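The values are calculated or read from the model by the stated rules, or taken from the named source; none is laboratory data. Bear in mind the structure is a predicted one, so any value in this text is a computation, not a measurement. Neighbour counts run over all protein chains shown; Cβ positions are idealised from the backbone, glycine included.
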Amino acid sequence: MIRALWNRLVPANPNAIIRGQTGLIVVTCLALAGATLLLILTWLISGDLQIETVIAGLAFCFILAVLVQMARMGRVRCSAWLLTLFLELLIGLDVLAYGLGEPGSAAFFLPILLAACGLSLWAGLGIALLSSAIVWGTAWAAYAGWYGPEFPFQLSHLTFNAPMYTVIFFIAAVLVGWWSDNLVRQVSKGSTLREN
């Protein structure tokens, strides 16, 4: 049953790489939509739900559905880039609003890993660089007093959080991107991976 559903969501393609990248977009969008709906349900149960949140959540799920359909129709790289940049924008706005004192900064791993796995090592490194720039810019702007994030600035945001996020972002991009690029090369050559 699950395999039949999967085959309906991810159309057959003679190119295993394209089919895998399409599947990555589908799984990512389904996970994000599921997480969004669970958050809305949690806020409904806790009594914190606002109508604006529901509208934003439904709009987000609609955009994810459009990106899935684009990938299913063969626009896989375009869909992957749009999803990566869309996530980067949303997470960046959240970090700017709340600062580095809240856990939302860790969400930058999603677009970094998506880019490294679904596009290339260099795309992952580019998104890691952009994420790091947002983290450093946010920390520096709060330190300089140019803006006040929702959660108060602490010097450790500039001296610990920003450097640590930067290192981990690049390590994640290199690990996943190198592995992904290696698999793409192997599949493109028609090689099979064997256990040693």
Checklist line | Answer from Leu158, Leu130, Leu125, Leu175 - the residue that is more than 19 Å from Val76 (Cα to Cα), outside the structural domain of Leu67 (by TED's automatic domain parsing) and surrounded by fewer than 15 Cβ atoms within 10 Å (Cβ to Cβ) | finding: Leu175
Next item on the list: With respect to Ile55, determine if the residue is within 23 Å of the chain's Cα centre (by Cα) and surrounded by fewer than 11 Cβ atoms within 10 Å (Cβ to Cβ).
Entry: yes
Notebook entry, point to check: Say we look at the range 105-119 and pick out the residues that are more than 14 Å from Thr28 (Cβ to Cβ) and crowded, with 18+ Cβ neighbours inside 10 Å; which of these is modelled with the highest pLDDT?
Noted result: Phe108
Notebook entry, point to check: Which of the residues that make up the range 111-160 are in contact (Cβ under 8 Å) with a residue 40 or more places away in the chain, over 15 Å from Gly92 (Cα atoms) and assigned to a helix (DSSP H, G or I)?
Noted result: Leu113, Leu114, Ala115, Ala116, Cys117, Gly118, Leu121, Trp122, Ala123, Gly124, Leu125, His157
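Conditions tested, residue by residue: (1) within 19 Å of Arg77 (Cβ to Cβ); (2) crowded, with 18+ Cβ neighbours inside 10 Å.
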site	(1), (2)
Arg3	no, no
Pro11	yes, no
Ile17	yes, no
Thr22	yes, yes
Ile25	yes, yes
Leu30	no, no
Ala33	no, yes
Ile40	no, no
Margin query: touching a residue at least 24 places away in the same chain (Cβ under 8 Å), touching a Ser or Thr at 6+ places or on another chain (Cβ under 8 Å) and buried (at least 20 other Cβ atoms within 10 Å of the Cβ): is that true of Leu87 in this structure?
Written below: no
Item checked: Conditions (1) at pLDDT below 95; (2) out of contact with any helix residue (DSSP H, G or I) (no Cβ under 6 Å at 6 or more places or on another chain); (3) assigned to a helix (DSSP H, G or I): number failed by Trp81 -> (1)
